[in-house]
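Enquirer: One structure is given below, represented as structure tokens, and several questions about it will come after.
Just so it is clear, none of the values below were taken in a lab; they were calculated from the coordinates. In this text, all values refer to a predicted model and were calculated from it rather than measured experimentally. So basically every Cβ, Gly included, is an ideal-geometry build from the backbone, and we count neighbours across all protein chains shown.
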Amino acid sequence: MPHDIETRFLCLADFEPAARELLPHAVYEFIAAGAGEEITKRDNEAAFDRIRLRQRVLRDVTRLDTGITLFGQSLPHPIMLAPIAYQRLVHPEGEVAAARGAGVAEAVFTLGTTATAAIEDCVAVSRSPVWFLLYWQSDRGFNGELVTRMAALGAKAISVTVDMPTPGDRRRQFRAGFKIPDSLATPYFKDRNTGLLKVGTAQRRAMPTWADIAWLRSLTTLPLILKGILDPDDAEQAIGIGADAIAVSNHGSRNLDTLPATIDALPAIAERVAGRIPIILDGGVRRGTDVLKAIALGASAVMIGRPYVYALATGGAEGVAHCITLLRRDFEVAMALTGRARVGEIDQSVIW
Ligand code: FNR
């Protein structure tokens, strides 16, 4: 990371052009790509832009508390890192560097089944919780073993991707000829080539159904999060099956174009969930005001995806830590200027 990190990267958007310059074209396209015409990808951010905030004045915001409680655990702020595949494509230390950066910035890090590093190595370098995200693979028992092993390896929660029965039409990635190098080790795939990800084809993936989720639930006492919920009925079913949380996500708009922006999908889901379980939101979160808006509309926490991968490419662990810190500081500014001293004070009345 260059020494001018503080002056060069002032907001999350600053990392993308820097990463684009550094990364091979096909790798950049793999990260940046959204599905189809990228209507939803643009909307994930634009939908936040359409929401206006209500300023409140003369309240005591000298001491701001960004802390939240999730699954009975205190976290110093509500910003987390989403699972992102194949991070050694952008940095030699991959997920280990990202986890170290998350630890410095006191953020939860989610390691995916698509990781190019072992969870023990991420846990060892991060003072913050590390979660494991399961991508279902065709060998049912193998999924069960992965989930069962994770608690002993230090994972503090299990997230399961539920929104990807097939890879989406990521045209930019296909046009750029992106391929996962055979040399890239992926310790949590039983067989990367036949089991799960066939980039560039319209092939179906092995996918869990509700019955499989119920089975996973019975295998672990760790908090279970279903990632990729966009419909209130699915949220209801997630609660019924014993999920501890849901992640409102459209997979960074990488799967189905013209899905709603996640911030637009959130209110109806939050209304149905009615506080029974926490909701995490991702997709297009780039500014402190986005974090504030997500919480106001019913989220307990947010995840960021692409921005921290661009930061990892640009500055390794230090870049990731700086990226999270920028967002946290920006969130604090948004809290102060809307007169909210604690996260619990952020409700719908903050929206104009
Ligand atoms: C992802 N995402 C993702 N999700 C998941 O459940 N498992 C995975 O392996 C991946 N891999 C992945 C790779 C890349 C390159 C991207 C950009 C995204 C989706 C990710 O967890 C998250 O939902 C979005 O990235 C959030 O949106 P933003 O912040 O990127 O707009």
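Enquirer: Where does each of Cys122, Cys323 land when they are ranked from fewest to most other beta-carbon atoms within 10 angstrom?
Expert: Placing the least packed residue first, the sequence is Cys122, Cys323.
Enquirer: While we're on this one: Given H placed 1.01 Å from N in the peptide plane, which residues other than close sequence neighbours of Trp131 have an amide H under 5 Å from its amide H?
Expert: So Trp131 has HN proximity to Phe109, Thr110, Leu111, Lys156.
Enquirer: Can I ask one more? Among all helices in the chain defined by DSSP H, which have a length of 24 Å or more along the axis from Cα atoms plus a Kyte-Doolittle mean of at least -0.5?
Expert: Working: long enough: 306-337 (33 Å, 0.51).
Span-like helices, by this rule, are 306-337.
Enquirer: Remind me, relative contact order of segment 75-161 in percent, using alpha carbon pairs under 8 angstrom and six or more residues apart?
Expert: Relative contact order comes out at 27 percent.
Enquirer: Can you give the Rg and Dmax of segment 66-140 based on its C-alpha atoms, in angstrom?
Expert: Calculated on Cα positions, Rg and Dmax stand at 12.8, 42 Å.
Enquirer: Can you list the lysines whose alpha carbon sits under 22 Å from that of Lys227, skipping same-chain ones fewer than 8 residues off?
Expert: Hits, sequence-local ones excluded: Lys41, Lys156, Lys190, Lys198, Lys293.
Enquirer: In addition: Per DSSP helix of 4 or more residues, -39500 (n - 2.57); summed, then divided by the residues of the chain. What does that give at 222 nm, rounded to the nearest 500? Could you put the intermediate results ahead of the total?
Expert: Numbers: 13 runs with 141 residues, N = 352.
Calculated mean residue ellipticity at 222 nm is -12000 deg cm²/dmol.
Enquirer: Ranked by Cβ crowding within 10 angstrom, fewest neighbours first, how are Arg59, Arg287, Arg254 ordered?
Expert: Values: Arg59 12, Arg287 21, Arg254 25.
Arranged by neighbour count, lowest to highest, Arg59, Arg287, Arg254 become Arg59, Arg287, Arg254.
Enquirer: As a test of the definition: which semi-axes, in Å, follow for the chain when you take the square root of five times each eigenvalue of its alpha carbon gyration tensor? Largest first, please.
Expert: Working from the Cα gyration tensor, I get semi-axes of 29, 24, 20 Å.
Enquirer: Based on the mean of other Cβ atoms within 10 Å per residue, sort peptides 296-303, 263-270 so the most packed one is first.
Expert: Numbers: 296-303: 24.2, 263-270: 20.8.
Going by the mean number of other Cβ atoms within 10 Å, highest first, we get 296-303, 263-270.
Enquirer: Highest first, please rank the peptides 278-284, 91-97 by the mean number of other Cβ atoms sitting within 10 Å of their residues. Working shown, then result.
Expert: Numbers: 278-284: 26.9, 91-97: 21.6.
Averaged packing, sorted descending, gives the order 278-284, 91-97.
Enquirer: Return a whole-number percent for the relative contact order of segment 9-83, with Cα pairs under 8 Å and 6 or more residues apart as the contact set.
Expert: Once divided by the residue count of segment 9-83, the mean separation gives 11 percent.
Enquirer: In percent, how large is the relative contact order of the chain, given Cα pairs closer than 8 Å and 6 or more residues apart?
Expert: Value for the chain: 28 percent.
Enquirer: Ok, one more. Cβ neighbours within 10 Å, averaged per peptide: list 169-179, 129-139 in order, most packed at the top.
Expert: 129-139, 169-179
Enquirer: Rank the residues Leu222, Leu153, Leu327 as a footprinting-exposure proxy: fewest other Cβ atoms within 10 Å of their Cβ go first.
Expert: Starting with the residue having the fewest Cβ neighbours, the order is Leu153, Leu222, Leu327.
Enquirer: Okay, moving on. From largest to smallest, what semi-axes in whole angstrom does segment 44-86 give when each is the square root of 5 times an eigenvalue of its alpha carbon gyration tensor?
Expert: 26, 22, 8
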